[in-house]
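The values are calculated or read from the model by the stated rules, or taken from the named source; none is laboratory data. Not measured: the values here are computed from a predicted model. When we count neighbours, we look across all protein chains shown, and the Cβ atoms used for this are built from the backbone with ideal geometry, even at glycine. Note: areas computed on protein heavy atoms with side chains; ligands, DNA, RNA excluded. Shrake-Rupley method; radii C 1.70, N 1.55, O 1.52, S 1.80 Å.
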Amino acid sequence: MSGRYVVGIDAGGSKTHALIADLEGHVVGGGESGPGNWEGVGLDGAFDAYAQAIDAALHTAGINRTDICAAGYALAGLDWESDVTRLESVIRRLDLPGPSTLVNDAFGALRAGSADGCGVAVIAGTGSTVAGRNRRGATFRTFGLGMHWGDFHGAAGLVWEATRAIGHAWIGRGPVTTLSDAFVQVYGAVDVPDLVERVSRGAAPPPNGRLAPLVFAAADAGDEVACRIVRQAGEELGLTAAAVVRKLALEHEAFDLVLAGGVFRARNRLLIGALTEQVRRCAPMARVVRLEAPPVAGSLLLAFDAAGVPTPPALCVRLLAEAHHWFQTMGGTE
C-alpha cells in the first residue's frame, strides 16, 4: 500500500463533503461542494461535485492523489443494484488509487455512529430512512421515498402534521394550538386565513421542513397538539426501525441504534423516547447513539475498511472527534 491517506465522500441532495485522514485517524483536510445526488444533477453533475470536494480536500491537506490508498463513498441516489454500475463509472473517472467502498448514504451514517459498523441507523432530515446491518453482513434499508412508500416523519412530515392541526383548529375540528400563532408569526401574516391565502395564491412558499423547529419549540413549551405530533413521529420512526431490526434478526443482540439527521439535533426527549420505546419492545439491548460527527466520517471509516486497515475504538474516537472539529472550525456545514 503506497499511499498513507484515505478519503471519504458523503454526497447528498444539497451538498457533497470530502474528508481526508491519515492511517492513524487524524483528519488532515476537507472540502465541500454542491449537490451530489445524481438523480438531481445527472451523472456528470455528480462527478463534478465529487471531484470539486475531493480537490478541495487534497488542497487543504497538501497532498496529491497518489498519496491516497483507499476511498469510501456514501452516496445519495445509490438506491438499487442498477445504480452501482452507473456510479462505479463515475468513481473511476475520479482517478483515485486503491480500493473503494460504495454504499447508500444511510449506511455511511450507520458506519459513523455504530461501534462496529453494525446495528440500525434512523436518519431523519427532510425525509427519513432506516438502514441496518447485522454481524453476518446482511443489510436492509427502507425506500427513503417518503410517506407514499412507508417512510414517515422527517422534518417535512412533522410540518405537514402541524399544518393539518392548524387547519383543524381553525375550523373547529381539533383543539386550539400555539402552532397557529407560531406559523402566522413566522410568515408575517395577520391570522391563519391570511397565511393560508398567501400560500394558496403563491404569494408565500408552502410550509416545509425548515419550520420543524417551531413544532419542537411548541412541544417543549407543553402544547398538547405539538406534543402529540412529536410523539407520533417518534413512534412511527421507532416502528420502522423495529421492523428493520426484525428483518436483520437483531432482536436478541446488543447493537447501536444510531440517530442521525437534522431532526435529532433538536434533542427532543419526547421524540427520542417514543422512538426508543418502540425499538426496545422487540430489541431490549439496543443502545441509543445520537450521531454527533458529520456523516462523512462514516465514509472515512468505510475507506479504512476498503484498505483493510483496522479501526480500533481509539482510532474511531479520534477520527470522529476531529471530523466534527473540522466542520466546527473550518467552515464546513454538516
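Of a type in the set (A, V, I, L, M), farther than 30 Å from Cys316 by Cβ and within 21 Å of the chain's Cα centre (by Cα): which single residue out of Leu195, Leu214 fits that description?
Working: Leu195 fails: within 21 Å of the chain's Cα centre (by Cα).
Going through Leu195, Leu214 in turn, the sole match is Leu214.
Name the pairs: first residue in region 13-28 and among the charged types (D, E, K, R), second residue in a strand (DSSP E or B), Cβ to Cβ under 9 Å, at least 6 apart or on different chains?
From region 13-28, the pairs are Lys15/Glu32; Lys15/Ser33; Asp22/Tyr5; Asp22/Val6; Asp22/Val28.
Is it the case that some residue within region 97-112 is free of Cβ contacts under 8 Å to residues at least 40 places away in the same chain, within 19 Å of Asp83 (Cβ to Cβ) and either hydroxyl-bearing (Ser, Thr, Tyr) or buried (at least 24 other Cβ atoms within 10 Å of the Cβ) (or both)?
Yes, the conditions are met somewhere in region 97-112.
Being farther than 24 Å from Val309 by Cβ, surrounded by fewer than 17 Cβ atoms within 10 Å (Cβ to Cβ) and modelled with pLDDT of 95 or more narrows it down to one of Ile166, Ile171, so name that one.
On inspection, the qualifying residue turns out to be Ile171.
Could you figure out which of (1) outside any strand (DSSP E or B); (2) under 13 Å from Ser114 (Cα atoms); (3) charged (D, E, K, R); (4) out of contact with any helix residue (DSSP H, G or I) (no Cβ under 8 Å at 6 or more places or on another chain) isn't true of Glu322?
The number of the failed condition is (2).
Which pairs have Cβ atoms under 9 Å, sit 6 or more apart or on different chains, and link a residue in region 135-149 that is assigned to a loop (DSSP other than H, G, I, E, B) to one that is loosely packed, with under 13 Cβ neighbours inside 10 Å?
Listed by first residue and then by second, the contacts come to Arg136/Ala249; Ala138/Ala249; Thr142/Trp149; Phe143/Trp149.
Does region 285-298 contain at least one residue that is among the β-branched types (Val, Ile, Thr), surrounded by fewer than 18 Cβ atoms within 10 Å (Cβ to Cβ), within 30 Å of Gly72 (Cβ to Cβ) and over 19 Å from the mean Cα position of the chain (by Cα)?
No; the residues of region 285-298 include none that is among the β-branched types (Val, Ile, Thr), surrounded by fewer than 18 Cβ atoms within 10 Å (Cβ to Cβ), within 30 Å of Gly72 (Cβ to Cβ) and over 19 Å from the mean Cα position of the chain (by Cα).
Does region 221-242 hold any residues that are surrounded by fewer than 19 Cβ atoms within 10 Å (Cβ to Cβ), within 19 Å of the chain's Cα centre (by Cα) and hydrophobic (A, V, I, L, M, F, W, C), and which are they?
Leu239 - this is the single residue of region 221-242 that is surrounded by fewer than 19 Cβ atoms within 10 Å (Cβ to Cβ), within 19 Å of the chain's Cα centre (by Cα) and hydrophobic (A, V, I, L, M, F, W, C).
When you scan region 14-23, do you find a residue that is touching a Phe, Trp or Tyr at 6+ places or on another chain (Cβ under 6 Å) and in a strand (DSSP E or B), even just one? Explain how you work it out, then say what you get.
Pass one, region 14-23, residues touching a Phe, Trp or Tyr at 6+ places or on another chain (Cβ under 6 Å): 20, 22.
Filter once more, so that each one left must be in a strand (DSSP E or B): 20, 22.
Among the residues of region 14-23, at least one is touching a Phe, Trp or Tyr at 6+ places or on another chain (Cβ under 6 Å) and in a strand (DSSP E or B), which makes the answer yes.
Condition check ((1) of a type in the set (Phe, Trp, Tyr); (2) open to solvent by 10 Å² or more (accessible area, probe 1.4 Å); (3) in contact with a strand residue (DSSP E or B) (Cβ under 7 Å, 6 or more places away or on another chain)) across all residues:
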{"position": "Gly3", "(1), (2), (3)": "no, no, yes"}
{"position": "Gly12", "(1), (2), (3)": "no, yes, no"}
{"position": "His26", "(1), (2), (3)": "no, yes, no"}
{"position": "Ser33", "(1), (2), (3)": "no, yes, yes"}
{"position": "Ala49", "(1), (2), (3)": "no, no, yes"}
{"position": "Asn64", "(1), (2), (3)": "no, yes, no"}
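Give me the pairs, please: first residue somewhere in region 262-273 and closer than 14 Å to Val289 by Cα and modelled with pLDDT under 95, second residue anywhere and part of a helix (DSSP H, G or I) and among the polar types (S, T, N, Q), beta-carbon distance under 6 Å, and either six or more positions apart or on two chains.
The qualifying pairs do not exist here.
Give me the residue from region 188-220 that is at pLDDT 95 or above and in contact with a Ser or Thr (Cβ under 7 Å, 6 or more places away or on another chain) and, out of that set, most open to solvent (accessible area, probe 1.4 Å).
Result: Pro207.
Among the residues in region 224-242, are any assigned to a loop (DSSP other than H, G, I, E, B) and either touching a His at 6+ places or on another chain (Cβ under 6 Å) or at pLDDT 95 or above (or both)?
No; the residues of region 224-242 include none that is assigned to a loop (DSSP other than H, G, I, E, B) and either touching a His at 6+ places or on another chain (Cβ under 6 Å) or at pLDDT 95 or above (or both).
One residue is enough: does region 129-148 have a residue meeting the conditions open to solvent by less than 20 Å² (accessible area, probe 1.4 Å) and over 15 Å from the mean Cα position of the chain (by Cα)?
Within region 129-148, one or more residues are open to solvent by less than 20 Å² (accessible area, probe 1.4 Å) and over 15 Å from the mean Cα position of the chain (by Cα).
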